[in-house]
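Structure first, commentary second.
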Amino acid sequence: MNATTTTLPSSATITGCLVKEYLLRRKTASDDFVDVRVAVVGNVDAGKSTLLGVLTHGELDNGRGLARLRLLRHKHEAESGRTSSVAHDILGFSSVGHVVNKPVHGHLNWSEICEAAAKVITFIDLAGHERYLKTTIFGMTGHAPDYVMFMVGANAGVIGMAKEHLGLALALCVPVFVVVTKIDMCPPNVLQETMNLLFRILKSPGCRKIPALISSTDDVICCATNFTSERMCPIFPVSNVNGTNLDLLKLFLNLLPSRSEPRLNESAHFQIDEIFSVQGVGTVISGTCLSGVIKINDILLLGPDLSGQFNPISIKSIQRKRLSVNYVRGGQTASFALKKLRRNQVRKGMVLLAPELKPKACIEFIAEVLILHHPTTISVGYQAMVHAGPVRQTATILKLNSHERLRTGDKDMVVFRFIKCPEYLYTGLRLIFREGKTKAVGTVKELVPYTASIQQNPRTRLYKRYVTSKSTIQPMNTVLDDTKSSTPKSSEHISTSTTTNTNQPVNELPTAPVSDLLSNTSVNSRQRKHHRSRKDLPNDEH
């Protein structure tokens with residue numbers, strides 16, 4: 001048997017029988033390891049970055065944020081103590097379950113950790129402030145976490161963005177476990193109130209979880225073996241100052257299985273979530289390999305670009321957790337150095353695909369959407385931000401299948417259209433549809449292949465439809481043709497169209513702005529801005 005065996009603590013049954021459990025971990029090559037991604041979410045000041053600093057560096061916090069300084073990436077984050085970007089850190093376990101993180105002068109060497117570890121937990125530290133909710137949603141959808149660690153401050157409870165983050169994890173069908181921090185500074189009655197509120201939320205019809213308070217090793221083993229069912233929700237009360245229950249949390253992380261299926265027999269599919277420009281190397285992309293195997297010097301298709309095309313590109317080198325490797329397989333995260341590619345030719349949301357897939361971009365797609373909350377109603381023409389995997393772009397509702405308007409709790413098949421550029425989607429992909437207080441979740445059901453003929457600016461199309469409906473204003477194409485010609489008729493038309501009608505209603509578009517914008521007459525920028533002021537636009541263009 002090509003595996004290492006670890007004996008777990010024994011437990012006794014009701015009948016008095018002694019049960020022994022063993023952890024079997026398959027032996028892997030020196031440059032290979034089991035990778036489990038855990039997204040860390042919760043309200044601001046819940047102690048997310050502090051807990052990760054304590055777990056990965058092995059030193060307790062001083063109560064004033066010393067541990068979190070090792071994770072924060074930017075100067076303004078260290079000054080405010082709040083995470084504003086997506087940060088990563090790793091925790092390595094040996095084949096027998098021992099932590100292999102050995103920081104040197106406060107810094108971790110990722111390559112040494114990965115060489116010594118049989119299993120690596122990749123923490124995705126996300127922002128808790130409401131201002132950075134867009135970044136948090138992208139971290140949850142684009143980085144494809146296996147599990148979500150939901151952080152709650154014992155002194156504050158489930159407040160602010162905590163419910164938003166929990167709802168996001170439930171909408172994406174990602175298993176959740178809870179860590180309650182700051183129990184050393186919280187009075188017992190406040191801690192009990194926080195626990196009661198947490199239990200009520202997890203048992204509510206929207207969550208339907210089975211909360212389990214972890215207090216012993218037996219509880220950890222029981223929850224870890226049943227955690228993949230998505231119903232079990234372990235709760236760990238911990239302290240980053242005195243280290244209470246941190247050993248139980250580490251044991252639970254060591255026992256967590258990987259949820260990602262390798263899908264090695266399928267074609268290569270790699271989604272991009274970050275882009276770098278490295279001096280001496282060139283353009284470097286990082287992301288998650290969803291299926292297949294990608295090797296050095298493989299030729300893949302990169303796209304879609306702004307015109308919806310996929311272009312062949314060669315893989316120059318591959319790194320996993322800053323460790324150079326020869327290949328990457330499905331379910332693993334990696335970074336690629338690409339040959340002959342400029343930084344402005346790649347963006348977040350693009351993918352690398354095998355040529356045999358013959359991929360096609362789409363700008364319109366059909367999704368089954370459930371409206372979780374909306375203050376009023378949603379109808380055709382409504383726009384909101386769509387998060388689907390690494391894709392993040394505003395989309396317009398073109399058609400509703402069985403409703404004229406959608407309200408909170410409604411479910412319908414909806415036709416969406418991206419407003420900027422085509423993207424690569426696939427059927428079955430989960431999406432988040434959000435704008436302000438509007439929240440909706442859905443699944444992509446059907447794709448409309450993209451063609452260049454359907455790519456139009458909806459605002460220009462609306463303006464053309466408006467100007468052709470007015471008898472006092474010529475169609476847009478006629479005005480454009482007249483302005484290009486230098487005949488006296490053209491100049492006569494321009495001079496007559498610049499006369500404004502003082503009796504014209506405010507909600508109708510005057511003729512003067514059209515001629516000012518389209519003619520070559522000398523109109524200064526202040527006058528042009530005045531003519532195109534918001535009050536002069538038609539109501540349907542506001």
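The values are calculated or read from the model by the stated rules, or taken from the named source; none is laboratory data. Predicted model only: the values in this text are computed from it and were never measured. Using ideal geometry, Cβ is built from the backbone for each residue, glycine included, and neighbour counts are taken over all protein chains shown.
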task: Could you please let me know if G167 is within 15 Å of the chain's Cα centre (by Cα), outside any strand (DSSP E or B) and of a type outside the set (S, T, N, Q)?
output: yes
Here the residues within segment 176-218 that are under 25 Å from L133 (Cβ atoms) and buried (at least 20 other Cβ atoms within 10 Å of the Cβ) are V176, F177, V178, V179, V180, T181, K182, T194, L198, L202, K209
In the set A361, A395, A354, the lone residue that is under 19 Å from the mean Cα position of the chain (by Cα) and crowded, with 17+ Cβ neighbours inside 10 Å is A395
Exception for V96 within (1) in contact with a Ser or Thr (Cβ under 8 Å, 6 or more places away or on another chain); (2) closer than 23 Å to D184 by Cα falls at (2)
Scanning segment 429-446 for residues that are surrounded by fewer than 19 Cβ atoms within 10 Å (Cβ to Cβ) and of a type in the set (K, R), the one farthest from the chain's Cα centre (by Cα) turns out to be K445
Here the qualifying pairs (Cβ atoms under 7 Å; residues six or more apart or on different chains; first in segment 176-199 and in contact (Cβ under 8 Å) with a residue 12 or more places away in the chain; second assigned to a helix (DSSP H, G or I) and among the small types (G, A, S)) come out as V176/A169
Filtering strands (runs of 3 or more DSSP E) wholly in segment 290-367 for at least 3 residues that are within 26 Å of P257 (Cα to Cα) gives 293-295, 311-320, 323-325, 327-329, 333-338
Checked P205, P234, P211 against criteria (part of a loop (DSSP other than H, G, I, E, B), assigned by TED's automatic domain parsing to the domain that holds E59 and over 30 Å from M350 (Cα atoms)); the one match is P205
**Request:** Could you tell me whether any residue of segment 307-314 is of a type in the set (A, V, I, L, M, F, W, C) and either within 13 Å of A337 (Cβ to Cβ) or modelled with pLDDT of 95 or more (or both)?
**Result:** yes
query = surrounded by fewer than 19 Cβ atoms within 10 Å (Cβ to Cβ) and either within 23 Å of the chain's Cα centre (by Cα) or not basic (K, R) (or both): does that describe R342?
reply = no
Taking first residues from segment 73-85 that are closer than 17 Å to N43 by Cβ and outside the structural domain of M140 (by TED's automatic domain parsing) and second residues anywhere that are at pLDDT below 75 and loosely packed, with under 12 Cβ neighbours inside 10 Å, the pairs with Cβ under 8 Å that are 6 or more apart or on different chains are none
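Rundown of residues vs (1) more than 11 Å from F416 (Cβ to Cβ); (2) at pLDDT 95 or above, yes/no style:
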{"residue": "M350", "(1), (2)": "yes, yes"}
{"residue": "L353", "(1), (2)": "yes, yes"}
{"residue": "K360", "(1), (2)": "yes, no"}
{"residue": "I366", "(1), (2)": "no, yes"}
{"residue": "L372", "(1), (2)": "yes, no"}
{"residue": "P375", "(1), (2)": "yes, no"}
{"residue": "Y382", "(1), (2)": "no, yes"}
{"residue": "H387", "(1), (2)": "yes, yes"}
Expected single match for small (G, A, S) and out of contact with any strand residue (DSSP E or B) (no Cβ under 8 Å at 6 or more places or on another chain) among G153, G139, G160, G167 is G160
Quick count over segment 13-67, residues being farther than 27 Å from R259 by Cβ, in contact with a strand residue (DSSP E or B) (Cβ under 7 Å, 6 or more places away or on another chain) and at pLDDT below 80, is 2
Of (1) over 22 Å from the mean Cα position of the chain (by Cα); (2) assigned by TED's automatic domain parsing to the domain that holds E446, A367 satisfies every one except (1)
Taking segment 404-428 and keeping residues crowded, with 20+ Cβ neighbours inside 10 Å and over 23 Å from the mean Cα position of the chain (by Cα) leaves L406
Result of the Cβ filter at 8 Å on segment 208-230, keeping first residues that are within 22 Å of L197 (Cα to Cα) and partners that are among the small types (G, A, S), at least 6 apart or interchain, is D219/A212; C223/A212
Considering residues that are assigned to a loop (DSSP other than H, G, I, E, B), under 15 Å from L52 (Cα atoms) and of a type in the set (A, V, I, L, M), the number found within segment 73-99 is 1
Pairs returned, first residue in segment 274-300 that is in the same structural domain as R347 (by TED's automatic domain parsing) and among the aliphatic types (A, V, I, L, M), second residue that is surrounded by 13 or more Cβ atoms within 10 Å (Cβ to Cβ) and part of a loop (DSSP other than H, G, I, E, B), beta-carbon separation under 7 angstrom, 6 or more apart or interchain, are I275/V346; I275/K348; I285/V346; L290/G330; V293/A268; I294/A268; L300/A268; L300/A354
With criteria (1) on the phi < 0 side of the Ramachandran plot; (2) crowded, with 18+ Cβ neighbours inside 10 Å, G349 comes up short on (1)
It is to be established whether one or more residues within segment 416-430 are over 23 Å from T451 (Cα atoms) and not assigned by TED's automatic domain parsing to the domain that holds R347. yes
